Amino acid sequence: MRETIVIGEVTKPQGIRGEVKVRPLLDDAAAFRALRRVYIGGAEYKVLSCRTDAQAAYLALSGVADRNAAELLRGKEVLAARQDLPALEEGRYYIVDIVGCTVCSEEGEELGVIADVLPAHTDIYVLRSGDKEYMFPAADGVVTEVDVEGGRITVSKKRLGEVMVEQGKA
């Protein structure tokens, strides 16, 4: 598993004192409040303060003293060390741990590999099989087991057939 995880993207400077607005890629922006350091553009920044609302986290970072310095971070990914992030609830996973997992039926048939995860109320998994891509919800009954350590996701082939759609087809 990767030691650092992409947790957001700097969208813009916020104010004139170097604060940056971050679009979170975590389920809850409040998780940013527990962070003491983040990585942006390959550099480590100490988090001096953090406030959040429903759609964003606002970070004051060491070494980012004004709007001009904050502007240089616009559009860059915000990463955090896995050990610095709050523990996930049972049955929750980071997207980075799901992408690349092999998808198998309960009977053991390999169906493809997870190419992407589209965040939604119920995440949508993008399955690549050969040169085709399919989408299906990561819902109970469809996904029966997730083993991120083993890189394997088990699905009910019957339920998958009911909800899976080929990418690009309506």
Within region 137-170, can you find the residues that are on the phi > 0 side of the Ramachandran plot and either of a type in the set (A, V, I, L, M) or under 21 Å from the mean Cα position of the chain (by Cα) (or both)? Gly151
It is to be established whether one or more residues within region 63-76 are part of a strand (DSSP E or B), modelled with pLDDT of 95 or more and not assigned by TED's automatic domain parsing to the domain that holds Val146. no
Within region 148-161, work out how many residues are over 17 Å from Arg128 (Cα atoms) and without any contact (Cβ under 8 Å) to a residue 12 or more places away in the chain. 2
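Condition (residue is more than 30 Å from Val155 (Cα to Cα), assigned to a helix (DSSP H, G or I) and either touching a Ser or Thr at 6+ places or on another chain (Cβ under 9 Å) or without any contact (Cβ under 8 Å) to a residue 60 or more places away in the chain (or both)) applied to region 98-121: is it met by at least one residue? So that I can check it myself, show each step before the final result.
Of all residues in region 98-121, those more than 30 Å from Val155 (Cα to Cα) come to none.
The answer is no; no qualifying residue exists.
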Checking the structure you have, find out if any residue of region 24-45 is under 18 Å from Ile95 (Cβ atoms) and surrounded by fewer than 13 Cβ atoms within 10 Å (Cβ to Cβ). yes
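Quickly run through region 57-70 and pick out the residues that are within 17 Å of Gly8 (Cβ to Cβ) and not aliphatic (A, V, I, L, M). Outline the logic, then answer.
As a first pass, look at region 57-70 and keep what is within 17 Å of Gly8 (Cβ to Cβ): 57-61, 64, 70.
Passing the criteria: only Tyr58.
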Looking for whichever is modelled with pLDDT under 95, under 26 Å from Glu3 (Cβ atoms) and not aliphatic (A, V, I, L, M) here; the options are Glu90, Glu166. Which one fits? Glu90
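Here are Lys76, Lys21: which of them is in contact (Cβ under 8 Å) with a residue 24 or more places away in the chain, buried (at least 19 other Cβ atoms within 10 Å of the Cβ) and under 26 Å from Asp123 (Cβ atoms)? Before you say what the answer is, go through the steps one by one.
On the way: Lys76 fails: buried (at least 19 other Cβ atoms within 10 Å of the Cβ).
Exactly one of Lys76, Lys21 is in contact (Cβ under 8 Å) with a residue 24 or more places away in the chain, buried (at least 19 other Cβ atoms within 10 Å of the Cβ) and under 26 Å from Asp123 (Cβ atoms), namely Lys21.
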Which pairs do you get when a residue that is surrounded by fewer than 17 Cβ atoms within 10 Å (Cβ to Cβ), found in region 52-64, comes within reach of a residue that is of a type in the set (Lys, Arg) and modelled with pLDDT under 95, reach meaning Cβ atoms under 9 angstrom, with the pair 6+ apart or on two chains? Gln55/Arg23
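Residues Tyr134, Tyr125, Tyr45: which one is over 20 Å from the mean Cα position of the chain (by Cα), in a strand (DSSP E or B) and in contact (Cβ under 8 Å) with a residue 12 or more places away in the chain? Write out each step before concluding.
On the way: Tyr134 fails: over 20 Å from the mean Cα position of the chain (by Cα); Tyr125 fails: over 20 Å from the mean Cα position of the chain (by Cα).
One residue alone meets the criteria, Tyr45.
Results for (1) of a type in the set (Ser, Thr, Tyr); (2) exposed (fewer than 13 other Cβ atoms within 10 Å of the Cβ), shown as yes or no for each residue.
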position: Arg82; (1), (2): no, no
position: Tyr94; (1), (2): yes, no
position: Phe136; (1), (2): no, no
position: Asp140; (1), (2): no, yes
position: Arg152; (1), (2): no, no
position: Ser156; (1), (2): yes, no
position: Arg159; (1), (2): no, no
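Restricting region 1-42 to residues that are polar (S, T, N, Q) and under 18 Å from the mean Cα position of the chain (by Cα), which is nearest to Ala70 (Cα to Cα)?
Let us first name the residues in region 1-42 that are polar (S, T, N, Q), namely 4, 11, 14.
Adding the requirement that they be under 18 Å from the mean Cα position of the chain (by Cα) leaves 4, 11.
On the way: Thr4: 22, Thr11: 10 Å.
Looking at the filtered set, the residue picked out is Thr11.
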Over 30 Å from Arg17 (Cβ atoms), in the same structural domain as Gly141 (by TED's automatic domain parsing) and exposed (fewer than 12 other Cβ atoms within 10 Å of the Cβ): is that true of Ala115 in this structure? no
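The values are calculated or read from the model by the stated rules, or taken from the named source; none is laboratory data. Only a predicted model underlies this, so the values are computations on that prediction, with no experimental measurement involved. Note that each Cβ is placed from the backbone with ideal geometry, even for glycine, and that neighbours are counted across all protein chains shown.
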